[in-house]
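Worksheet: one structure, shown below.
The values are calculated or read from the model by the stated rules, or taken from the named source; none is laboratory data. Since we're looking at a predicted model, the values are computed, not measured. In this analysis, Cβ positions are derived from the backbone assuming ideal geometry, glycine residues included, and neighbour counts consider all displayed protein chains. The accessibility values were calculated without ligands, DNA or RNA, using every heavy atom of the protein model including side chains. Shrake-Rupley method; radii C 1.70, N 1.55, O 1.52, S 1.80 Å.
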Amino acid sequence: MAAATPLYDTYARAPLRFERGEGVWLIAEDGTRYLDFAAGVAVNSLGHAHPHLVSALKEQAEKVWHLSNLYEVPGQESLSRRLTEATFADKVFFTNSGAEALECAIKTARRYHFAKGQPEKFHIITFEGAFHGRTLATIAAGGQAKYLEGFGPKAPGFYQVPFDDMAALKAAITEETAAILIEPIQGEGGIRTVSKEFLQELRALCDEYGLLLVLDEVQSGVGRTGKLFAHEWAGITPDIMAVAKGIGGGFPLGACLATEEAASGMVAGTHGSTYGGNPLAMAVGNAVLDVILADDLLQHVRDVSLVFRQGLASLADRFPDVIEEIRGEGLMLGIKAKVPSADLLKAIRAERLLAVPAGENVIRLLPPLITTAEEAREGLARLERAAEQLTAERRQASA
Ligand SMILES: Cc1ncc(COP(=O)(O)O)c(C=O)c1O
């Protein structure tokens, strides 16, 4: 018997087919309009079909698509310069995805100690609930059994400690520790924010023990929290940082950023990627930065975040049977549900509102950074209707 679909069965897809997008809206094949607060899981940072991104992509498409890294790529020069000027970093390696940015970050950290004559220092400490991607190294870094099972021995050199547990972290550091890897806000883990104090202590700890601090800002970066990168709220800088998702606005693009010192082991021949830094990706990445670095975009994110937070706090008060807690920063928000989060997702989808599941029974709201206050209120109104519906169903069930 023929399979229902020749696609791998790795995804549990919702039965929705979208034909096009406009800003924060996705339009299904039958014309139904959905408010898209999933944004391709924090990827469509500027919404759908942003005119500046569309014209940058079209313009580049008419010039040259792909060159490889055998030659100089001017778009890489400009995008890396802009990224280093706007951050702690001195060096950039371009990738096509978040997991590849993490792979580069992990290799950079290990190679740093190797180049310093300490090849035994290759262990990386990570945190429970983390998600760093689906490659063999990044599932080892994430440490989640459900992603590791059945794929052979876990890649060596990754050690996990409980979230927000400084004592456990200190106890886990050995002579072989190379780096500490952490998401400033766990996304998949359920929008769990690492406190400013914890990040500051991490920085101090890394300095004290000669370890590299590696941040995974694949989801939290590029304006999502109302700063260009989430770690800026804590007033610290990492040694290495993985970036992806929002930087491409929907085009596959990632980057590993590092200080000159941290990247010092990554000499010619140590790493590479056929597509990484492709001219199309560079054109879009530069166009995304044009908008994100413009005067008022980050302030806009902070303002709209306030609208969301106030609205969500009020919904949490009014629907305690449905909403347990509101989490997150900027436009990386989580609703910890009292009902099964799948039920809440389904109920909001019936209201034509899209969001993303996460761990700890949380649903994530990751609206495009260009979401207006009015669109935020529209989303909150849809959430309210869904919460009303679920509350009524629960009352009926218990009556
Ligand atoms: C924090 C974080 N790191 C890494 C990744 C992996 O990125 P990608 O799916 O582009 O490989 C993700 C993806 O969800 C992520 O949220």
Find how many whole Å separate the alpha carbon centroid of segment 155-193 from the alpha carbon centroid of segment 36-93. 30 Å
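With the other protein chains left in place, how much accessible area per residue, in square angstrom, belongs to the chain at a 1.4 angstrom probe?
For the chain, the per-residue accessible area is 46 Å².
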Top of Leu369, Leu35, Leu83 by mean-square fluctuation, Gaussian network on the chain, Cα under 10 Å: Leu83
A 26 angstrom limit on the alpha carbon distance is what I want to check against. Which of Lys107/Lys170; Lys146/Lys196; Lys63/Lys227 exceed it? Lys146/Lys196; Lys63/Lys227
Based on the alpha carbon coordinates of the chain, what radius of gyration and maximum Cα-Cα distance (Dmax) apply, in Å? 21.3, 71
Mind pulling the angle between the C-alpha long axis of helix 98-115 and the longest principal axis of the chain? Nearest 10 degrees, somewhere in 0 to 90. 20 degrees
Mind checking which of Gln160, Ala56, Ala4 is farthest towards the positive end of the chain's charge dipole, using Cβ charges of +1 (Lys, Arg) and -1 (Asp, Glu) about the Cα centre? Ala4
Hz values of 3J(HN,Hα) by residue in segment 139-153 - Karplus curve (6.51, -1.76, 1.60), Gly and Pro given as x: 6, 5, 5, x, x, 8, 3, 5, 8, 8, 4, x, 10, x, x
At what distance in angstrom do the alpha carbon centres of segment 97-113 and segment 196-265 lie from each other? 12 Å
Given +1 on the Cβ of Lys and Arg, -1 on the Cβ of Asp and Glu, and no further charges, what dipole in debye does the chain carry about its Cα centre, rounded to the nearest 20? 680 debye
Dipole size in debye (nearest 20) for segment 274-395 around its Cα centre, Lys and Arg Cβ +1, Asp and Glu Cβ -1? 440 debye
Convex hull volume per residue in cubic angstrom - Cα atoms of segment 64-292: 121 Å³
Can you send over the carbon and sulfur percentage of the accessible area for the chain, probe radius 1.4 Å, protein chains only? 52 percent
Would you mind telling me the antiparallel percentage of the DSSP bridges in segment 64-292, rounded to 5? 40 percent
Taking Cα atoms only, helix 297-318 is inclined relative to the longest principal axis of the chain by an angle, in degrees rounded to 10, of 50 degrees
Rounded to the nearest 10 Å², the accessible area of Asp165 using a 1.4 Å probe with every protein chain kept is 50 Å²
Note to self, the chain gives a 222 nm [θ] from helices alone (DSSP H runs n ≥ 4, -39500 (n - 2.57) apiece, / all residues, nearest 500) of -12000 deg cm²/dmol
Nearest 10, in degrees from 0 to 90: the angle of helix 196-209 to the longest Cα principal axis of the chain is 20 degrees
At most 13 other Cβ atoms within 10 Å and a DSSP loop assignment: could you name the GluC sites (Glu not before Pro) in segment 16-110 that fit? Glu29, Glu62, Glu72
Keeping every protein chain in place, order Lys63, Lys154, Lys121 by accessible area at 1.4 Å, biggest value first, i.e. largest first. Lys63, Lys154, Lys121
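What is the local net charge at Val161, summed over the other residues whose Cβ is closer than 11 Å to its Cβ (Lys, Arg +1; Asp, Glu -1)?
On the way: positive: Lys170; negative: Glu128, Asp164, Asp165.
Summing Lys and Arg as +1 and Asp and Glu as -1 gives -2.
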With a sphere of radius 10 Å drawn around the Cβ of Gly47, what net charge do the other residues whose Cβ falls strictly inside it have (Lys, Arg +1; Asp, Glu -1)? -3
